[in-house]
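The values are calculated or read from the model by the stated rules, or taken from the named source; none is laboratory data. Fair warning: this is a prediction, and the values are worked out from it, not measured in the lab. Positions of Cβ are backbone-derived with ideal geometry, glycine not excepted, and every protein chain shown enters the neighbour counts.
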Amino acid sequence: MTSSYKGCLIGLAVGDALGAPVEFLTLVQLRAKYGPKGIEDYEPWDDFEPGSYTDDTQLSLAAAQGCLDAYREHRATGRWEVRAAVYREYQKWRRSQKNPMNRKSPGLTCLLALESDHMGTIDNPLNDSKGCGGVMRTAPAGLVFKPGAAFRAGAEFAAMTHGHPSGYLSAGFLSELIARLLEERSLSRSINRTLPVLKSYAGHEETLDKIKLALRLSSLAGTSAGVIRRIGQGWVGEEALGISLYCALKYRGDFRAGVLAAVNHGGDSDSTGSITGAILGTSLGLEAIPKDWIGRLQNRNMILDLASALEESFGTSGRVDFTN
């Protein structure tokens, strides 16, 4: 199980760092700059070194830390206030964006929602955004919460800033999928067992349609950026989830091939790379991620330590319910 906890967090950060340099490039621009196969390794972007990740990983780690803080507070006081703890970490992230070295292409919706200082919920949405800024950060919820509870937790974490059902239900689906992958490594079975949970929520249709399309396309021979474009570009939640599921299914036994497919389509490449990395990292474990990529990843030791703390708190002691 430890390998999957570390695989999830390292995997999402690796995929994010690979996709960061090409996030805003068209497919034509991407291939002109990096060759016909596209980007195949870490590259510098903006003022950051190769192996540097973006706000996707920053916010994913914030969610993980918030859950860990809530667990420790629960052990000390008996109170379980995980939603408030995660929101505090998101606000800490917002404040950190004033430092140029921490400001790594932050999503405008996340920033504006957090600046309002009003926490959105599924029942009381803050806006009507379905950008992928919700789903990109909720994989860690699957490491913390039991199947069933993980969906609700991921959806509520996303709804803090993204109020459209496709913005938070795609996030819930990812969290639930990660939770189920911890129990069995079969990606197909885990997806099939997550689908009924998605269908129990109002407004699930857009997300379900993209998932079904990803499943159908992944069963076809061959792969290409053109096939991925049939799902979308990944700028909104259901598309980012669909693209990531397609790449993870198409390369379910090959972390490297899966994340490279996820970042070389000319869309929101850091987010689709990060989500695909989380899925394959959980399914295949840390050992499936190329050691060279791990070795050059920004803050790798901090991420590994956080994954170990999550595993010790929730993997050994047991994952929890979402009750607040």
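If a residue must be in a helix (DSSP H, G or I) and either in contact (Cβ under 8 Å) with a residue 12 or more places away in the chain or crowded, with 23+ Cβ neighbours inside 10 Å (or both), how many such residues does region 196-213 contain?
First, the residues of region 196-213 that are in a helix (DSSP H, G or I): 196-199, 205-213.
Those left that are additionally either in contact (Cβ under 8 Å) with a residue 12 or more places away in the chain or crowded, with 23+ Cβ neighbours inside 10 Å (or both): 197-198, 206-211, 213.
So the count comes out to 9.
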Of the numbered conditions (1) part of a helix (DSSP H, G or I); (2) surrounded by fewer than 22 Cβ atoms within 10 Å (Cβ to Cβ), THR323 fails exactly one; give the number of that condition.
(1)
Any idea which of (1) at pLDDT 95 or above; (2) touching a Pro at 6+ places or on another chain (Cβ under 6 Å) is the one GLY133 doesn't satisfy?
(2)
Using the structure shown, decide if LEU280 is of a type in the set (A, V, I, L, M, F, W, C) and over 25 Å from ASP41 (Cβ atoms).
no
Would it be correct to say that PHE151 is in contact with a Leu (Cβ under 7 Å, 6 or more places away or on another chain), among the aromatic types (Phe, Trp, Tyr) and either buried (at least 24 other Cβ atoms within 10 Å of the Cβ) or part of a loop (DSSP other than H, G, I, E, B) (or both)?
no
Considering (1) of a type outside the set (Lys, Arg); (2) touching a residue at least 60 places away in the same chain (Cβ under 8 Å); (3) in a helix (DSSP H, G or I), say which one ALA85 fails and leave the rest.
(2)
Verdict on THR272 being surrounded by 20 or more Cβ atoms within 10 Å (Cβ to Cβ), closer than 17 Å to ARG185 by Cβ and either modelled with pLDDT of 95 or more or of a type in the set (A, V, I, L, M) (or both)
no
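What are the residues in region 299-320 that are basic (Lys, Arg) and not in a helix (DSSP H, G or I), if any?
ARG319
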Options ARG193, ARG216, ARG189, ARG256: the member that is surrounded by fewer than 18 Cβ atoms within 10 Å (Cβ to Cβ), touching a Lys or Arg at 6+ places or on another chain (Cβ under 6 Å) and part of a helix (DSSP H, G or I):
ARG193
Selection count where residues are assigned to a loop (DSSP other than H, G, I, E, B) and of a type in the set (Ser, Thr, Tyr), scope region 1-47:
2
List the pairs whose first member sits in region 136-148 and is basic (Lys, Arg), whose second member is surrounded by fewer than 24 Cβ atoms within 10 Å (Cβ to Cβ), and whose Cβ atoms are under 6 Å apart, counting only residues at least 6 apart or on separate chains?
LYS146/ARG319
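Could you tell me which residue of region 278-298 is farthest from GLY226 (Cα to Cα), considering only residues that are touching a helix residue (DSSP H, G or I) at 6+ places or on another chain (Cβ under 8 Å) and not in a helix (DSSP H, G or I)?
Among those that are touching a helix residue (DSSP H, G or I) at 6+ places or on another chain (Cβ under 8 Å) and not in a helix (DSSP H, G or I), it is GLN298.
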Members of region 161-182 found to be buried (at least 24 other Cβ atoms within 10 Å of the Cβ) and assigned to a loop (DSSP other than H, G, I, E, B), listed by number
THR161, HIS162
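Give region 271-321 a look and list any residue that's of a type in the set (Asp, Glu), touching a Phe, Trp or Tyr at 6+ places or on another chain (Cβ under 8 Å) and over 13 Å from LEU143 (Cβ atoms), or say none.
Hit for region 271-321 is ASP321, nothing else.
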For region 51-82, enumerate the residues that are among the aliphatic types (A, V, I, L, M), touching a residue at least 40 places away in the same chain (Cβ under 8 Å) and either farther than 30 Å from PHE24 by Cα or outside any helix (DSSP H, G or I) (or both).
LEU68, VAL82
May I ask you to verify whether GLN91 is more than 29 Å from GLY266 (Cα to Cα), buried (at least 20 other Cβ atoms within 10 Å of the Cβ) and among the polar types (S, T, N, Q)?
no
What's the number of the condition ASP41 fails, among (1) of a type in the set (D, E, K, R); (2) within 30 Å of GLU156 (Cα to Cα); (3) surrounded by fewer than 21 Cβ atoms within 10 Å (Cβ to Cβ); (4) at pLDDT 95 or above?
(2)
Report yes if some residue within region 260-277 is over 23 Å from LEU25 (Cβ atoms) and either β-branched (Val, Ile, Thr) or part of a helix (DSSP H, G or I) (or both); otherwise report no.
no
